[in-house]
Amino acid sequence: MSVKIILEGNKILKKKSLPVKIFDKKLRNLAQDMIEYGKSVDNCVGIAAVQVGVLLRMSVIYVEDEWEVMINPKILFEDTKLSSEWEGCMSLEDGNLFGRVKRPNKLIVEYVNENNKRRTYQFEGFYSHLILHEIDHMNGIMFLDLMKKPYKLVSNDDLEKIYKEKDSIK
Ligand SMILES: [Zn+2]
């Protein structure tokens with residue numbers, strides 16, 4: 001079974017997801033389908049269940065070259081120091097539009113993984129953004145909601161240029 005991503009503008013994306021009570025076979029299969037979908041798309045590093053129409057606090061995330069399932073995340077610590085990163089979202093132009101978002105640079109988060117193990121992780125920079133982007137989805141928040149209007153969004157090509165310029169300055 002393949003999943004279909006719900007796009008910005010659909011009201012379900014503004015809804016709050018409920019905690020997962022049991023990570024059963026049905027949910028496990030859904031997570032697997034979400035991971036397969038994520039693997040099939042360039043630039044995809046995370047999908048929240050709400051984005052496939054399921055209002056449960058579960059996301060699949062791509063961290064350190066591996067896909068894993070993040071269930072019922074709880075933030076234990078957030079850095080007061082913020083960092084800016086380019087963020088995209090599968091619900092916005094299939095992940096091909098990016099905006100600059102400020103979020104805590106470091107965080108400690110606890111969640112249950114696909115093996116039903118409760119784990120605590122520390123993340124920084126891009127990964128801190130990824131985790132918080134996913135938790136926002138669970139609370140009905142899109143990254144656009146964190147940006148000032150009018151939104152300054154750039155395409156994939158623009159972003160590559162920006163990164164190249166940054167590299168040449170170094
Ligand atoms: Zn997203």
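Filter the range 1-33 down to the residues that are part of a loop (DSSP other than H, G, I, E, B) and of a type outside the set (A, V, I, L, M, F, W, C) and list them by number. First the steps, then the outcome.
Just the residues of the range 1-33 that are part of a loop (DSSP other than H, G, I, E, B), to begin with: 1-10, 15-17, 19-24.
Once the filter is applied, which keeps residues that are part of a loop (DSSP other than H, G, I, E, B) and of a type outside the set (A, V, I, L, M, F, W, C), the range 1-33 yields Ser2, Lys4, Glu8, Gly9, Asn10, Lys15, Lys16, Ser17, Pro19, Lys21, Asp24.
Restricting attention to the range 81-107, report how many residues are within 15 Å of the ligand (Cβ to nearest atom) and in contact with a helix residue (DSSP H, G or I) (Cβ under 9 Å, 6 or more places away or on another chain).
Total satisfying the criteria: 15.
Within the range 136-153, is there a residue that is surrounded by fewer than 16 Cβ atoms within 10 Å (Cβ to Cβ) and in a strand (DSSP E or B)?
no
Kindly indicate whether Tyr151 is of a type in the set (Phe, Trp, Tyr), within 16 Å of the ligand (Cβ to nearest atom) and either farther than 20 Å from Arg57 by Cα or out of contact with any Lys or Arg (no Cβ under 8 Å at 6 or more places or on another chain) (or both). I'd like the intermediate steps shown before the answer.
Details: of a type in the set (Phe, Trp, Tyr): yes; within 16 Å of the ligand (Cβ to nearest atom): yes; either farther than 20 Å from Arg57 by Cα or out of contact with any Lys or Arg (no Cβ under 8 Å at 6 or more places or on another chain) (or both): yes.
Criteria met by Tyr151.
Being farther than 19 Å from Ser17 by Cβ and without any contact (Cβ under 8 Å) to a residue 60 or more places away in the chain: is that true of Arg100 here?
Details: farther than 19 Å from Ser17 by Cβ: yes; without any contact (Cβ under 8 Å) to a residue 60 or more places away in the chain: yes.
Against the criterion (farther than 19 Å from Ser17 by Cβ and without any contact (Cβ under 8 Å) to a residue 60 or more places away in the chain), Arg100 qualifies.
Return yes when Asn10 is modelled with pLDDT of 95 or more, away from the ligand (no atom under 16 Å from the Cβ) and over 16 Å from His129 (Cβ atoms) and no when it is not.
Details: modelled with pLDDT of 95 or more: yes; away from the ligand (no atom under 16 Å from the Cβ): no; over 16 Å from His129 (Cβ atoms): yes.
No; evaluated as a whole, the condition is false for this residue.
Working only within the range 104-122, note down all residues that are without any contact (Cβ under 8 Å) to a residue 24 or more places away in the chain and surrounded by 19 or more Cβ atoms within 10 Å (Cβ to Cβ).
Selection gives nothing.
Within the range 80-126, how many residues are touching a strand residue (DSSP E or B) at 6+ places or on another chain (Cβ under 7 Å), closer than 23 Å to Ile35 by Cα and of a type in the set (A, V, I, L, M, F, W, C)?
8
Suppose we filter Glu110, Glu36, Glu114 for residues that are over 18 Å from Ile141 (Cα atoms), in a strand (DSSP E or B) and either within 16 Å of the ligand (Cβ to nearest atom) or of a type outside the set (Ser, Thr, Tyr) (or both); which single one remains? Before the answer, list the steps.
On the way: Glu36 fails: in a strand (DSSP E or B); Glu114 fails: in a strand (DSSP E or B).
Answer to the check: Glu110.
Being surrounded by fewer than 19 Cβ atoms within 10 Å (Cβ to Cβ) and in a loop (DSSP other than H, G, I, E, B) is the filter here, so list the residues in the range 81-103 that pass it.
Within the range 81-103, Lys81, Asn96 qualify.
Might you let me know whether the range 18-28 holds any residue that is aliphatic (A, V, I, L, M), surrounded by 15 or more Cβ atoms within 10 Å (Cβ to Cβ) and over 27 Å from Asp158 (Cβ atoms)?
The first filter runs over the range 18-28 and keeps only residues aliphatic (A, V, I, L, M), leaving 18, 20, 22, 27.
Cutting the leftovers down to surrounded by 15 or more Cβ atoms within 10 Å (Cβ to Cβ) gives us 20, 27.
Pick out the ones that are also over 27 Å from Asp158 (Cβ atoms) and you get 20, 27.
Checked the range 18-28: at least one residue is aliphatic (A, V, I, L, M), surrounded by 15 or more Cβ atoms within 10 Å (Cβ to Cβ) and over 27 Å from Asp158 (Cβ atoms).
Give me a count of the residues in the range 142-161 that are free of Cβ contacts under 8 Å to residues at least 40 places away in the same chain and of a type outside the set (D, E, K, R).
Going through the range 142-161 one residue at a time, the tally reaches 1.
The values are calculated or read from the model by the stated rules, or taken from the named source; none is laboratory data. Please read all numbers here as calculations on a predicted model, not as lab measurements. Note: ideal-geometry Cβ built from the backbone for every residue, glycine included; neighbour counts use all protein chains shown.
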